[in-house]
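The values are calculated or read from the model by the stated rules, or taken from the named source; none is laboratory data. Remember, predicted model here, so these are calculated numbers, not experimental data. Here Cβ is always computed from backbone atoms with ideal geometry, including for glycine, and neighbour counts include all displayed protein chains.
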Protein chains: 2
Amino acid sequence: MIQDTLINDLKLKWERLQLAMRKAGADACLLTVDVNVYYTTGRIYSGYFYLPAEGAPRFFVKRPNGLAGEHVEYIRKPEQIAEIFAAKGIKTPEKLLLEVDEISYNDYIRLKAIFNPKEMGNASTLLRTERMIKTPWEIEQFRISARHHALTYAEIPSCFRPGMTDLDFQYEIERLMRKNGSIGLFRAYGNMDIFMGSILAGENAETPSPYDFALGGGGINSSAPIGANGTPLKEGISVMVDMAGNFTTYMTDMTRTFSIGKLPDLAYRAHQVSLDIIHEVQQTAKPGTPCANIYNKALEMAGKAGLSPYFMGTKQQAKFVGHGIGIQINEPPVLTSRSKDLLSPNMVIAIEPKFVLPDIGAVGIEDSFLVTESALEQITHSPEEIINLL
Amino acid sequence: MIQDTLINDLKLKWERLQLAMRKAGADACLLTVDVNVYYTTGRIYSGYFYLPAEGAPRFFVKRPNGLAGEHVEYIRKPEQIAEIFAAKGIKTPEKLLLEVDEISYNDYIRLKAIFNPKEMGNASTLLRTERMIKTPWEIEQFRISARHHALTYAEIPSCFRPGMTDLDFQYEIERLMRKNGSIGLFRAYGNMDIFMGSILAGENAETPSPYDFALGGGGINSSAPIGANGTPLKEGISVMVDMAGNFTTYMTDMTRTFSIGKLPDLAYRAHQVSLDIIHEVQQTAKPGTPCANIYNKALEMAGKAGLSPYFMGTKQQAKFVGHGIGIQINEPPVLTSRSKDLLSPNMVIAIEPKFVLPDIGAVGIEDSFLVTESALEQITHSPEEIINLL
């Protein structure tokens, strides 16, 4: 069931997970959350992936029909996993890790009963931690996404027509993304729904949202209260475009700011501070840099510029300036003052110092960076200045 | 924090939930899953909704800032709910319901500890059951969605250009949906991801998918293995369009079949059987009809027509012919042979007898129906025949 081009990548991931499990005294993990199944098998299927701390992984598949390969077993229900273990004489785990931060309470109880292990542990944390450090194949996926992301952003001005609302503009950009290969789905960890990304124009940028994304916006429906809300794109406002780089399963994250005509001077000044923060971080951060320091530096630079009241929002301010990216848009580490994480080689992070200016809108940029052995390598590229759409 | 137009609808829902809780001997439910928060408060926020079996509901909000109203309390973490209860002298529940099929194991443990109740119960089942019977306001939302859905489908032929692939076609339909007011998000219960709906052309309709949707398709990425896959829209194949009616939070579900030129006779014959099944169900089903009977009748009619090998798929056949719809696309009841549910007034269901024909593609239709006091009322309307796009 595994593509040949993927097998080395998967083996590398399995070895890392096995090493981490042995360090934690765990005997196995049983995974079923879609993003973790994708991470460990290279595809999404309905069923379970079992990885022992030593030995070969096993694939328990409910759907789709027709997958074949070594250690692939079809099941109708998870209880059959116990029967298969018994029939094959496979040792059952004494300490089992389940995705306790993601699977439901009832699923947990059911899966735990399969093996009745002596001890349980957290596979969500294991996977979130291991997924933080990207493999060479994963990094190549980001580079593919970044190329399509840049191509899409270069075409954004062609989507604009005078008289549009932010929504009209977004619909054309969404179509462009799809034509450039966007898979559409925008995966986030936790209860956070956003559709394809966010366009924030004018005063809508000040509206707080329920989600822990960098900025808000009112949205068009109280069941989807984020992003564009029908704001007319009238002269003198900014339009921040933060649409997903979901052109592979590994999403790049990039934000650029456009304007309808000329903006007040404050907008250009704040935008420049955003660029300055990114350039400062890029020049100083490297493996070993505490993520908290990056946030604190950004906050300090915003403060020195007298822009604290506008930094990462006004009525509601996000308390981070960046985050890991991957299969989900909000992977660890988080660049926030409370973070205990240090940058490590092969992390991929987005840095997004943004300002929300009353009566103008949001300004600033966001780019995605690979942490190399010695520095940050920018992987998303697009002109950084505020682009006038008129 | 509640809109005036919604308050009567919410009061009706609270009363129904309270009645069901009293019947079940439960003292309260604490909800946090986005669709249930929307259902009970009319908006999505990050936080919790607490409904006692008797008395006023309480809203515990983490984000967004700025919500105000009676019994609205801002918290940073759920443990503060216990402090608020103690400070206000509010009675804590002895039997508490949590969303045990949806919230994570770790969230369950944390929320349970707030009250340490004597007994726990299942709020997921409570909500899934109560949400099955729609309120007048909810039914009006479906009618709005249905109107936009019909307008969108009427414009579908204008999206077609010779030489397109299924994906090119889908991108144009997605844009049309958005321009007609689609909120984009397509909510499903469980681990099921689909983007905006499904277009199935030619032999791609046979490809099994991991999800429990009616049909499959290979998709364009192994992390999103469903739907259109780049199939060229060449003469002699069918194109089934099953795009979401997500024009309000309450989604209508409607499928229509198009063709590229003329199809083999089998396609028209099977399509007619799909129409016959829907018309038969519409003429006979009413409150009290077992959902299993509807599935069995459809299976029987497909069998009599000699079409069993094609019914609801070929390589993988879905074992249902319809399902409840609402905030999520797959609400109860399920029209399947194992169902114990009976149709009841104010259920809203989709019926989708479909056939997958090798070398041709999928045919058949799907419509959404309101169960009235005496019959089924069709709420999605669009021409039923196979429409030739050439």
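With respect to B:E83, determine if the residue is more than 27 Å from the chain's Cα centre (by Cα) and assigned to a loop (DSSP other than H, G, I, E, B).
Details: more than 27 Å from the chain's Cα centre (by Cα): yes; assigned to a loop (DSSP other than H, G, I, E, B): no.
No, not satisfied.
Looking at B:R76, B:R63, B:R43, which is the one that is free of Cβ contacts under 8 Å to residues at least 24 places away in the same chain and surrounded by 15 or more Cβ atoms within 10 Å (Cβ to Cβ)? Quick ask: steps written out before the conclusion?
Numbers: B:R76 fails: surrounded by 15 or more Cβ atoms within 10 Å (Cβ to Cβ); B:R43 fails: free of Cβ contacts under 8 Å to residues at least 24 places away in the same chain.
After ruling out the rest, the residue left standing is B:R63.
Go through the residues of the range B:250-266 one by one and say whether even a single one is touching a helix residue (DSSP H, G or I) at 6+ places or on another chain (Cβ under 9 Å), hydrophobic (A, V, I, L, M, F, W, C), more than 22 Å from B:P353 (Cα to Cα) and within 14 Å of chain A (Cβ to nearest Cβ).
Within the range B:250-266, not a single residue is touching a helix residue (DSSP H, G or I) at 6+ places or on another chain (Cβ under 9 Å), hydrophobic (A, V, I, L, M, F, W, C), more than 22 Å from B:P353 (Cα to Cα) and within 14 Å of chain A (Cβ to nearest Cβ).
Pick from the range A:150-166 the residues that are among the aliphatic types (A, V, I, L, M) and either facing chain B (nearest Cβ under 8 Å) or within 20 Å of A:G261 (Cβ to Cβ) (or both): which of them is nearest to the chain's Cα centre (by Cα)? Write out each step before concluding.
Initially, the range A:150-166 is screened for residues among the aliphatic types (A, V, I, L, M), giving A:150-151, A:154, A:156, A:164.
Then drop every residue that is not either facing chain B (nearest Cβ under 8 Å) or within 20 Å of A:G261 (Cβ to Cβ) (or both), which leaves A:156, A:164.
On the way: A:I156: 22, A:M164: 30 Å.
Among residues in the range A:150-166 that are among the aliphatic types (A, V, I, L, M) and either facing chain B (nearest Cβ under 8 Å) or within 20 Å of A:G261 (Cβ to Cβ) (or both), the one nearest to the chain's Cα centre (by Cα) is A:I156.
Just to be sure I understand, how many residues within the range A:309-346 are farther than 22 Å from A:D193 by Cα and either surrounded by 24 or more Cβ atoms within 10 Å (Cβ to Cβ) or free of Cβ contacts under 8 Å to residues at least 12 places away in the same chain (or both)?
3
Condition first: within 21 Å of A:R147 (Cβ to Cβ) and either more than 22 Å from the chain's Cα centre (by Cα) or not assigned by TED's automatic domain parsing to the domain that holds A:F186 (or both). Can you find one or more residues in the range A:369-384 that meet it?
yes
Could you grab me the full set of residues in the range B:10-68 that are away from every other protein chain (no Cβ under 14 Å) and assigned to a loop (DSSP other than H, G, I, E, B)?
The answer is B:A24, B:G25, B:A26, B:D27, B:A53, B:E54, B:G55, B:A56, B:P57.
Scan the range A:145-159 and tell me whether some residue there is modelled with pLDDT of 95 or more, more than 26 Å from B:S223 (Cα to Cα) and crowded, with 17+ Cβ neighbours inside 10 Å.
Within the range A:145-159, the first condition is being modelled with pLDDT of 95 or more, and the residues that meet it are A:145-159.
Filter again for more than 26 Å from B:S223 (Cα to Cα), leaving A:154-159.
If we keep only those that are crowded, with 17+ Cβ neighbours inside 10 Å as well, we get A:156, A:159.
Within the range A:145-159, one or more residues are modelled with pLDDT of 95 or more, more than 26 Å from B:S223 (Cα to Cα) and crowded, with 17+ Cβ neighbours inside 10 Å.
Residues being at positive phi and in a loop (DSSP other than H, G, I, E, B): count how many of those fall in the range B:337-381.
Filtering the range B:337-381 for residues at positive phi gives B:346, B:359, B:361, B:364.
Narrowing further to those that are in a loop (DSSP other than H, G, I, E, B): B:346, B:359.
The qualifying residues number 2.
Within the set of pairs 6 or more residues apart or between chains, which connect a residue that is farther than 13 Å from A:F247 by Cα and facing chain B (nearest Cβ under 7 Å) inside the range A:179-198 to a residue that is in a loop (DSSP other than H, G, I, E, B) and hydrophobic (A, V, I, L, M, F, W, C) with Cβ atoms less than 6 Å apart?
Short answer, once both residue conditions are applied: A:D193/B:L185; A:F195/B:L185.
Show the residue pairs that are 6+ apart or on different chains and have beta-carbon atoms under 6 Å apart, the first residue being within the range A:136-158 and free of Cβ contacts under 8 Å to residues at least 40 places away in the same chain, the second being surrounded by 15 or more Cβ atoms within 10 Å (Cβ to Cβ).
Short answer, once both residue conditions are applied: A:L151/A:N180; A:E155/A:L176.
B:V356: closer than 27 Å to B:F195 by Cα, buried (at least 18 other Cβ atoms within 10 Å of the Cβ) and assigned by TED's automatic domain parsing to the domain that holds B:G217, yes or no?
Working: closer than 27 Å to B:F195 by Cα: yes; buried (at least 18 other Cβ atoms within 10 Å of the Cβ): yes; assigned by TED's automatic domain parsing to the domain that holds B:G217: yes.
The answer is yes for B:V356.
Which of the residues spanning the range A:176-194 are at pLDDT 95 or above, within 19 Å of the chain's Cα centre (by Cα) and assigned to a loop (DSSP other than H, G, I, E, B)?
Let us first name the residues in the range A:176-194 that are at pLDDT 95 or above, namely A:176-189.
Those still in the list that are within 19 Å of the chain's Cα centre (by Cα) too: A:177-178, A:181-189.
The answer is A:G181, A:S182, A:I183, A:G184, A:L185, A:F186, A:R187, A:A188, A:Y189.
Give all pairs with beta carbons closer than 8 Å in which a residue from the range B:91-106 that is facing chain A (nearest Cβ under 7 Å) and in contact (Cβ under 8 Å) with a residue 24 or more places away in the chain meets a residue that is among the polar types (S, T, N, Q) and in a loop (DSSP other than H, G, I, E, B); count only pairs at least 6 apart in sequence or on separate chains.
B:I103/B:T32
Give the range A:200-237 a look and list any residue that's within 19 Å of B:S182 (Cα to Cα) and touching a strand residue (DSSP E or B) at 6+ places or on another chain (Cβ under 9 Å), or say none. Spell out how you get there, then give the answer.
Within the range A:200-237, the first condition is being within 19 Å of B:S182 (Cα to Cα), and the residues that meet it are A:200, A:217-232.
Of everything in the range A:200-237, those that are within 19 Å of B:S182 (Cα to Cα) and touching a strand residue (DSSP E or B) at 6+ places or on another chain (Cβ under 9 Å) turn out to be A:L200, A:G217, A:I226, A:G227, A:A228, A:N229, A:G230, A:T231, A:P232.
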